[in-house]
Structure formats: C-alpha cells, structure tokens
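The values are calculated or read from the model by the stated rules, or taken from the named source; none is laboratory data. Since the model is a prediction, treat every value here as computed from it, not as a measurement. FYI the Cβ positions are ideal-geometry reconstructions off the backbone, even for glycines, and counts take in every protein chain you see.
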Amino acid sequence: MLMVQVKKYYESVSGNNVQTAEYDALQISPIHIHKNKNLHRVALLTLGNDIVSDMNATQAAQTPFTQEPSQSIVAEH
C-alpha cells in the first residue's frame, strides 16, 4: 500500500503520470490479501522499478550530461 502512495505522491509533485504497464499486467493490488507473498513481492519490486524508471527518464531529460565538471564542484574539492 505504501508504494502505491509513493507513486501517487511522485505523480502529484512531478506532474508526470507514471506508466505502470508491467505492474498492471500482474493484476495484484495491496488489498489482494489472498495472493501469495511472493506475488506481492514481485508486484512491489515491479512498481518500484516503474517509478524509478520514470524518475531516471525525467532526470535525464532535464539534466544534460557534460564531460567537464562544473566550476562549483571543482572549487569544493
């Protein structure tokens, strides 16, 4: 249940709609108490992967990669 709340929070903060096709295909919800513990574990990890993949895609799109370190980072060291 907590991971679903994390997904909803991330969507509200980022404005992104996290695509969870793999998670949805499992057809397991936190309220399905009759499902096997391993199925819930797989669903939890799948949902986590979907959220992290969206975060990485969003970050990569917003932050261009540069080969040279910024001057502020160099100055700190």
Check your understanding: In this structure, is residue 12 exposed (fewer than 10 other Cβ atoms within 10 Å of the Cβ) and at pLDDT 90 or above?
Key -> yes
Exercise for review: Taking the options 35, 7, name whichever one is surrounded by 14 or more Cβ atoms within 10 Å (Cβ to Cβ), in contact (Cβ under 8 Å) with a residue 12 or more places away in the chain and of a type in the set (D, E, K, R).
Suggested key: 7
